[in-house]
Amino acid sequence: MLDADFFRRWMTATAASVDHEAERLTALDSPIGDADHGSNLQRGFTAVVATLEKEAPDTPGAVLTLAGRQLISTVGGASGPLYGTLLRRTGKALGDAAEVTEEQFTDALRAGVDAVMALGGAAPGDKTMIDALVPAVDALPESFAAAKTAAEEGAVATTPLQARKGRASYLGERSIGHQDPGATSSSLLISALLEASDE
């Protein structure tokens, strides 16, 4: 079973990973975006960890809802609303339970990913964070490790794609050959699940 502590560890591990990879995320964003993806997410997840420590929500749903709200209010660009929606919708789907099963979490995360697709209008193959999140959710019933691998492979697979959504889509064919920064940061989020667990 997964409790509030697990989800707090997930957010803390994500923040540490984003912190560590911020320069790489910004470098990926530089040729096809605003060159601020890493710094924006770094600021957002640092604020998430601080807020969770201060408010200490006691259910999985409350942890993710609060985290999502914090990202929306502190992250600039498209990342804040997209990541915020992902976590808030996942948290909402988990409801008020003190503990959730991995199966319930998978279903909730799928609802979160669906909400991101609805918000951004993106589908798999559009060279966005969806390309990492959809395969990750599909692999999640197997294990956190399988989800991590699927997300990382999904992010790398965006490199040869032409962007059809987001800022990168304005570049047309020039977006080909660059790994999508949103898919890359999404793979960090999914990878952090493994760190937060005892698998």
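The values are calculated or read from the model by the stated rules, or taken from the named source; none is laboratory data. Everything numeric in this text was worked out from a predicted model, so none of it was measured. Here Cβ is always computed from backbone atoms with ideal geometry, including for glycine, and neighbour counts include all displayed protein chains. Protein only, heavy atoms only, side chains kept; ligands, DNA and RNA dropped before computing areas. Shrake-Rupley method; radii C 1.70, N 1.55, O 1.52, S 1.80 Å.
Worth a mention:
- Gained length - ALA146 relative to LEU119, 0.36 nm times residue gap less alpha-carbon distance: 7.1 nm
- Semi-axis lengths, Å, the range 93-196, gyration tensor of Cα atoms, sqrt of 5 times eigenvalues: 27, 15, 9
- Here the extension length gained between SER73 and SER169 equals 32.0 nm, from 0.36 nm per residue of separation less the Cα-Cα distance.
- The Cα-based radius of gyration and maximum Cα-Cα distance (Dmax) for the range 1-90 are 13.0, 42 Å.
- Dipole magnitude (debye, nearest 20) for the chain, charges at Cβ of Lys, Arg, Asp, Glu: 820 debye
- Efficiency of FRET from Cβ geometry, ALA56 and GLU99, R₀ 22 Å, rounded to 0.05: 0.85
- Computed 3J(HN,Hα) for the range 45-56, one whole-Hz value per residue from the Karplus formula 6.51 cos²θ - 1.76 cosθ + 1.60 where θ = phi - 60°, is 6, 4, 5, 4, 4, 4, 5, 5, 5, 6, 8, 6, glycine and proline marked x.
- Most to least packed among 5-17, 128-140 [average Cβ atoms within 10 Å]: 128-140, 5-17
- Whole-percent carbon and sulfur share, accessible surface of the chain, 1.4 Å: 50 percent
- Applying the Karplus relation 6.51 cos²θ - 1.76 cosθ + 1.60 with θ = phi - 60° to the range 85-100 yields 3J(HN,Hα) values of 5, 4, 6, 5, 5, 5, x, 4, 5, 6, x, 9, 5, 6, 9, 10 Hz, where x marks Gly and Pro.
- Using the 1.4 Å probe convention, the accessible area of the chain works out to 43 Å² per residue with neighbouring protein chains retained.
- Most to least packed among 185-192, 75-82, 50-57 [average Cβ atoms within 10 Å]: 185-192, 75-82, 50-57
- q = 0.19 Å⁻¹, the chain: log10 I(q)/I(0) [Debye, one scatterer per Cα]: -1.35
- Counting charges near ARG69 (Lys, Arg +1; Asp, Glu -1) among other residues having Cβ under 12 Å from its Cβ returns a value of +2.
- The chain: angle of helix 4-32 to the longest principal axis, Cα-based, in degrees nearest 10: 10 degrees
- Theoretical gain in end-to-end length, GLU23 to ASP138 [0.36 nm per residue, Cα-Cα removed]: 38.5 nm
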